Structure formats: structure tokens, C-alpha cells
Protein chains: 2
Amino acid sequence: MSTPSYLIPSRAAKRTHYDQESIYSILDEALFCTISYSVENRPFSIPTSFVRYEDKIYIHGSVGSHFIREIEKGIPVCITVMLTDALVVAKSAFSHSVNYRSVILFAQAEKIEDISLKSDAFKWLTEKIVPGSWDYLRPMTQKEVRKTTALAFSLDEASAKIRTGMPNDEEEDKQLPIWSGLIPLETNRAKPVADPSSQTIPLPEHLSGL
Amino acid sequence: MSTPSYLIPSRAAKRTHYDQESIYSILDEALFCTISYSVENRPFSIPTSFVRYEDKIYIHGSVGSHFIREIEKGIPVCITVMLTDALVVAKSAFSHSVNYRSVILFAQAEKIEDISLKSDAFKWLTEKIVPGSWDYLRPMTQKEVRKTTALAFSLDEASAKIRTGMPNDEEEDKQLPIWSGLIPLETNRAKPVADPSSQTIPLPEHLSGL
């Protein structure tokens, strides 16, 4: 990915990555992003689900959503994604940190008008949330496709920031008898809970591994 | 909390809450927020840790951080926090949703100049990340306090959005033999992993319960 010309100079430049593999792996693991935009120099942001497919990310929303109607105009947006891997516990509060993998990208929405691409985007979004589910579900109707807006964003101006490893305690702190290390953070999908309408319906194969 | 005059009209107004209890409980559970701001009508956003104390939230950052230096000017910011409780799996892709608890707030940074309040803010931040740890750590030095900026944000213009419960399938879909329900999402702190410098140091009591 190219370096955006207006990318904020970072004090942690050593943590910044522009390679496709770093960026894609974070985007493919994270289920949610935060999209920010400005109206009259006032910032707004909203968390939403998204999916990467090839070199773009896709989001969806109701055609009536205020947020969708603002950003579908093609105004500049900033999208951030963060995965948190561990709390980094140092011997001093000052050296505490977080192991994270984040992506920031700057783009403008492209509204997907092509019905076939739009349907594909809904399929990609659904398959990301629940892999293997699209063909099992009641098919999406043309009316549902029309009621939903799909927007694509280029990854041309994306970068990743990644912190890994142990605390960076000050040299003079390293001998202190104070415990330091990592507290890993884990996010898991738990056992599915059936809706009252589904108590007697067998859990489909794509969910039974959970 | 009062309703911000410029709050975006929401299509999901029934999910919106302005009561202190809803807002505080989300802010106190979430470790990270995303802060958005605008420069020349171009949006920027950054994930960071935060803590609520009484009726404000506090963040910190290096005095040299570009992001901190922009928002400490007191420009409008939008801060979002999201906790995701479950994937809501419906019988149709269209009715899929997410059970989440989010907070959005609009504010301007107040830079904390009072050294005692600033030290308190670092204590609150540290205690939120690792409860019970502040008095165990090597004390923060005056130099470290000087090298770090603490910013406070009012919660006067905060609101929460919460979705709970099962999928809202269309009436005509409810009889379909397709499984629907929830996939709970769980975030856990795992067993601490010691830094090489701490292999022989006993895990302190505030961490041994993990």
C-alpha cells in the first residue's frame, strides 16, 4: 500500500507497516471498524461491521441511515480497526502498553450500484460474520437488496500499526523485584443459543463447531 | 445526560439511552475508545485507552504525540466506545444483527494542568487496565508526569445505544426450518505471561486471580 501523503507523522514509526499481508490479516480478523467523517469540520464516528474483498473493504447500511447518506456522497472518511492482543504490564505505570494490531485508512465511499456486485458484497459480509452460512439462509430478496446500501472503500491509503512483545522497561527498572509481563486478551465465540423459533431445529454444520 | 442539540437523528431511536447508568456501565467495562477529530474538514481517528472518573473521561498520551497536540487545542471531538456481546444470526441474511453496547459522545478536550489531578488521572487509567496494581508499581516520577499529557472530556453530550435479545426475523420467515439465535462473543483476560526479567518474581495478588 502506498504511504498517504498526508499521513500523520508517527512517534512510533517503527510500528507502522504498509505491506498488504499485515493490512489484510488485520482486516480479515476484525469484525468491526469505526468510520469517521466530518460535517462542517465537526467529527462524527460510528462503529460498523465490514468485510475486505480483494483490494477494498465493504460496509452496508439502510438506505435511510443518516450516516450512510452522509458518507455515500464521497466525502473523506477515516476508518480504523483495532485488535487487542495483550495488556503489557511493566514495572512502572509509565511503561505500560498494549499489544495491538490496528489499521487506519483514508478513503471516500464508492456506492455500489451494480446489483450483482451489491449482492456479492452482502454475501461476503454475511460469510465473514458466520462462515459457511450464506447458502443455508433464506435467500436475500430483490426488495432487501434495494433497501440496503453497500459502500466500497479503497485500501490504497491504508497502513497498519502493530505492537508485539514484552514491556520496554527503563534500564534502571529492570532489576526491580516487580512482576512484569503480558496479560493476553482473548476473544472467543461461545456456544450458540437458539431462538425460541429454533429450539427443535438442528444446529447447522457451520455452527456446530463453535 | 442531556440530548446533544446536533445529535444525528437515529433510525434506531428505541435503542438509544441517555441515562447515566447505561452510559457509565459501558464506559467502565470498555478498555478502549476511538477518538475522532477533523482538520480542515478531513477526519482522523485513533483508538486509545481511557478511563471514566465521576462525570468525565480521561485519556493520556505523549506530549510529543501529533494526535494529542491536535486535540488538546480544544477542537470538537467525537468519541465512540463499543462492546460486542453477540452475533445475532437470523433466518435471513437481511435480519442478521449484532448485540452491542456503544457510547458516542461529543466534547472538547480539557488539558489537565494541575499536577495532582494529572497524577490521579494516570492512577485511574492504570487501575482500570490492571485493578489493584498502582501501589505495587514503581512510583511515577515527576519527569514521567511532565512527559505525558492528560486530557479530560465532559460526558454532558453522551448517549448509549444498546441492542439485546434474539433476532427480529420477518413474520413470514419465523416458520422456516432454518436455525436462528445468538453466538455470544466473550473477551477474557488469560493467564499472565512473565517477562524474562520476572521469571522468579512471584505473581502479585492482583494478578493471580487471572
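Just a few scattered comments:
- Backbone phi angles across the range A:156-161, fed through the Karplus curve with coefficients 6.51, -1.76 and 1.60 (θ = phi - 60°), yield HN-Hα couplings of 4, 10, 10, 9, 10, 10 Hz in residue order; Gly and Pro are listed as x.
- Rounded to 10°, Cα long-axis angle of helix B:20-29 versus longest principal axis of chain B: 70 degrees
- For the range A:144-190, the fraction of C-alpha pairs farther apart than 13 angstrom is 79 percent.
- Mean projected area of the convex hull spanned by the Cα atoms of chain B, taken over all viewing directions: 16.0 nm².
- Restricting the GluC sites (Glu not before Pro) of the range A:13-43 to loop positions (DSSP other than H, G, I, E, B) with no more than 10 neighbouring Cβ atoms within 10 Å leaves A:E40.
- Average other protein chain Cβ within 10 Å of Cβ, residues A:171-181: 6
- Copy-to-copy label separations for B:I201, where each label sits 7 Å from Cα toward Cβ, in nm and ascending: 5.3
- Once you reduce the range A:16-59 and the range B:91-109 to the center of their Cα atoms, the two points are 15 Å from each other.
- Taking the charge dipole of the range B:13-208 about its Cα centre, with +1 at Lys and Arg Cβ atoms and -1 at Asp and Glu Cβ atoms, the residue from B:S65, B:A190, B:S154 reaching farthest to the positive side is B:S65.
- Label point at B:E172 placed 7 Å out along Cα→Cβ; residues across the range A:133-149 whose backbone nitrogen lies under 12 Å: A:141-144
- Ellipticity estimate at 222 nm from DSSP helix runs (n ≥ 4, -39,500 (n - 2.57)) divided over the protein assembly as shown, nearest 500: -5500 deg cm²/dmol
- When only the Cβ of Lys, Arg, Asp and Glu is charged (+1, +1, -1, -1), the dipole of the protein assembly as shown relative to its Cα centre reaches about 280 debye.
- Inter-probe distance in nm under a simple model that places probes 7 Å from Cα toward Cβ, at A:K14 and B:L31: 2.3 nm
- Inter-chain shielding of A:79-88 (mean C-beta neighbours from other protein chains, 10 Å cut-off): 3
- Structure note, pairs A:K111/B:K14; A:K147/B:K14; A:K111/B:K128; A:K111/B:K174: Cα-Cα distances above 30 angstrom occur for A:K111/B:K128; A:K111/B:K174.
- Helix B:115-129 axis versus longest C-alpha principal axis of chain B: approximately 50°, rounded to the nearest ten.
- If the convex hull is drawn through the Cα atoms of the protein assembly as shown, its volume per residue in Å³: 151 Å³
- Geometric extent, Cα atoms of the range B:121-165 - Rg, Dmax (angstrom): 15.7, 50
- Shielding by partners - mean other protein chain Cβ count within 10 Å, residues of A:182-194: 6
- Near-label residues of the range A:149-171 by backbone N, under 19 Å of a point 7 Å along Cα→Cβ of A:K111: A:149-154
Read-outs throughout are calculated quantities, based only on the coordinates presented, and are distinct from any laboratory measurement. On a predicted model such as this, the values are computed, not experimentally measured, just so you know. Glycine also receives a Cβ, built like all others from the backbone with ideal geometry; neighbour counts cover every protein chain displayed.
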